[in-house]
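Note sheet for the following structure.
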Amino acid sequence: MSAEAVDPSGVVRGEDGVHRCWWADSTSDYRAYHDREWGVPVGDDVRLFEKLTLEGFQAGLSWLTILRKREAFRAAFAGFRFEQVARFDERDVARLLADASIVRHRGKIEAAINNARCAVELAEAEGSIAAYVWRFEPAARPVALDRAALLERSQSPESRALARDLKRRGWRFVGPTTVYAFMQAMGLVDDHLAGCDARASVEAARERFVRP
């Protein structure tokens with residue numbers, strides 16, 4: 001990464017001329033994810049469940065590792081259609097443990113299946129996963145964070161509240177840091193830095209987004 005990465009603003013100008021948050025300019029995978037997905041508000045239950053699940057698998061690993069395996073995860077977990085994943089049994093656990101294209105961790109695999117069952121219950125009780133999680137959206141910040149502030153922010157009062165309630169409902173691998181990363185990615189907060197080219201489009205998407 002170039003010397004620009006140490007700039008206090010945290011914004012880096014990539015070789016393609018695009019200004020990005022410093023963490024997103026190291027690989028083409030990160031650049032595409034940052035520019036097209038990260039922070040764009042999501043109201044689709046399958047995508048919300050997918051992200052919560054993949055954040056759980058990320059524990060102890062880098063997001064880049066998970067991102068590069070995402071299509072394999074989708075194939076292995078029925079496209080993250082949680083109604084189907086909820087019906088997975090020990091044969092599926094064995095199948096997943098033998099699948100070298102994903103992260104083969106029994107605890108995380110079993111947690112994903114457990115969480116799918118919890119997701120079914122949650123959707124039935126609350127109308128949708130989206131309606132539930134968007135209740136935890138914090139008030140919009142008047143100004144963007146800088147690099148130092150973003151590095152310090154690994155969780156928030158809202159992520160702690162959401163994590164606590166998910167755990168109460170039986171979910172696993174949903175600590176407040178995991179949940180905050182989920183909130184950043186799914187657009188419940190906009191943590192693109194000031195000067196990042198994606199920030200304006202994300203803010204516009206958030207303005208257009210109809211909260212469930």
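In segment 38-49, what count of residues is obtained for those that are of a type in the set (Asp, Glu), more than 22 Å from Ser201 (Cα to Cα) and surrounded by fewer than 22 Cβ atoms within 10 Å (Cβ to Cβ)? Talk me through it step by step, then tell me what you get.
First, the residues of segment 38-49 that are of a type in the set (Asp, Glu): 44-45.
Remaining after also requiring more than 22 Å from Ser201 (Cα to Cα): 45.
Narrowing further to those that are surrounded by fewer than 22 Cβ atoms within 10 Å (Cβ to Cβ): none.
Counting residues in segment 38-49 that are of a type in the set (Asp, Glu), more than 22 Å from Ser201 (Cα to Cα) and surrounded by fewer than 22 Cβ atoms within 10 Å (Cβ to Cβ) gives 0.
The rows are residues; the columns are (1) out of contact with any helix residue (DSSP H, G or I) (no Cβ under 8 Å at 6 or more places or on another chain); (2) of a type in the set (A, V, I, L, M); (3) free of Cβ contacts under 8 Å to residues at least 24 places away in the same chain; (4) more than 25 Å from Ala123 (Cα to Cα).
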{"position": "Pro176", "(1), (2), (3), (4)": "no, no, yes, no"}
{"position": "Phe182", "(1), (2), (3), (4)": "no, no, no, no"}
{"position": "Ala194", "(1), (2), (3), (4)": "yes, yes, no, yes"}
{"position": "Arg199", "(1), (2), (3), (4)": "yes, no, no, yes"}
{"position": "Val210", "(1), (2), (3), (4)": "yes, yes, no, no"}
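Residue by residue through segment 38-74, note down the ones that are in contact (Cβ under 8 Å) with a residue 60 or more places away in the chain and in a loop (DSSP other than H, G, I, E, B).
Trp38, Gly39, Val40, Pro41, Val42, Gly43, Asp44, Ala59
Restricting to segment 136-189, count the residues that are touching a Phe, Trp or Tyr at 6+ places or on another chain (Cβ under 6 Å), surrounded by fewer than 19 Cβ atoms within 10 Å (Cβ to Cβ) and closer than 16 Å to Arg206 by Cβ.
0
Spot the failing condition for Tyr30; the list is (1) modelled with pLDDT of 95 or more; (2) farther than 27 Å from Ala204 by Cα; (3) not charged (D, E, K, R), and only one is missed.
Going through (1) modelled with pLDDT of 95 or more; (2) farther than 27 Å from Ala204 by Cα; (3) not charged (D, E, K, R) one by one, Tyr30 breaks only (2).
Yes or no: Val6 more than 26 Å from Asn114 (Cβ to Cβ) and modelled with pLDDT under 95?
In short, yes.
Residues of segment 75-101 being closer than 22 Å to Ile129 by Cβ and in a loop (DSSP other than H, G, I, E, B), which ones?
Across segment 75-101, the qualifying residues are Phe77, Arg81, Ala86, Arg87, Phe88.
Hey, among the residues in segment 114-169 that are closer than 30 Å to Asp7 by Cα and among the basic types (Lys, Arg), which one's nearest to the chain's Cα centre (by Cα)?
Only one residue fits best here, namely Arg153.
Out of the residues in segment 134-172 meeting the condition of being part of a loop (DSSP other than H, G, I, E, B) and small (Gly, Ala, Ser), tell me which one is farthest from Asp190 (Cα to Cα).
Checking each candidate, the answer is Gly170.
The values are calculated or read from the model by the stated rules, or taken from the named source; none is laboratory data. Treat the numbers as computed from the prediction; the structure is a model and nothing was measured. Methodologically, a virtual Cβ is constructed for each residue, glycine included, from the backbone with ideal geometry; neighbour enumeration extends over all protein chains shown.
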